[in-house]
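Here, each number is a calculation from the coordinates, and none is a lab measurement. Given the structure is predicted, the values throughout are model-derived calculations rather than measurements. Methodologically, a virtual Cβ is constructed for each residue, glycine included, from the backbone with ideal geometry; neighbour enumeration extends over all protein chains shown.
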Amino acid sequence: MITAYVALGSNLNTPSKQLNSALKAIENLPQTRFIAVSSFYQSKPLGPQDQPDYVNAVAKIETALSPLSLLDELQRIENEQGRVRLRRWGERTLDLDILLYGNEIIQNERLIIPHYDMYNREFVIIPLMEIEPDFIFPDGKKLAELALNFIHHSMKKI
Ligand code: ROI
């Protein structure tokens with residue numbers, strides 16, 4: 001079993017409901033054990049500001065699925081929850097991104113792991129910090145050090 005972290009985000013159609021039903025679907029994934037989820041955070045949009053605030057969280061799982069099978073399953077969940085994405089960097093019903101998959105570095109046309117921009121996103125780093133404060137990234141960076149960049153973050157736990 002490989003430990004993986006999944007970022008959840010939504011800013012349409014009652015975001016916290018979207019996250020809750022995605023978490024139920026993640027709990028039911030084949031060959032996968034659900035370990036933990038962070039609090040839900042309300043965050044200002046990264047991208048165009050004329051869109052609703054997001055709700056974000058990070059989940060920890062253990063899985064025997066390959067990275068691409070896990071991606072397929074997460075995309076299925078996005079689609080089953082009626083995913084809409086109105087524009088690039090714009091509002092969406094549900095985003096499920098694989099942040100990390102063990103210590104693997106993956107550069108595939110469908111999948112880049114670690115997530116290419118996770119170090120810069122407070123709505124990823126702060127929830128991850130909540131569930132894994134001692135985490136060290138595959139490149140040796142310490143999560144706790146990155147989190148110092150966001151100590152004055154404006155996200156509210158909801
Ligand atoms: N902004 C926030 N706050 N949270 C997200 O999950 C999120 N997801 C996105 C973009 C459009 C980049 N902005 C976001 O995909």
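The table for this structure:
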quantity	calculated
Euclidean distance between Cα centres, the range 9-35 to the range 103-158, Å	19 Å
Where Cα atoms sit under 28 Å apart: lysine pairs in the range 3-158 separated by 8 or more or lying on different chains	21
Ranked packing of 4-11, 27-34, 136-143, most packed first, by mean Cβ within 10 Å	4-11, 27-34, 136-143
Protection proxy ranking, peptides 106-112, 36-42, average beta carbon neighbours within 10 Å, highest first	36-42, 106-112
For the chain, calculated [θ]222 nm from helices alone, where every DSSP H run of n ≥ 4 adds -39500 (n - 2.57)	-8000 deg cm²/dmol
Relative contact order (%) - criterion: Cα under 8 Å, at least six apart; region: the chain	29 percent
Paramagnetic label zone (point 7 Å from Cα along Cα-to-C-beta, residue 157; backbone N under 20 Å) in the range 32-51	35-44
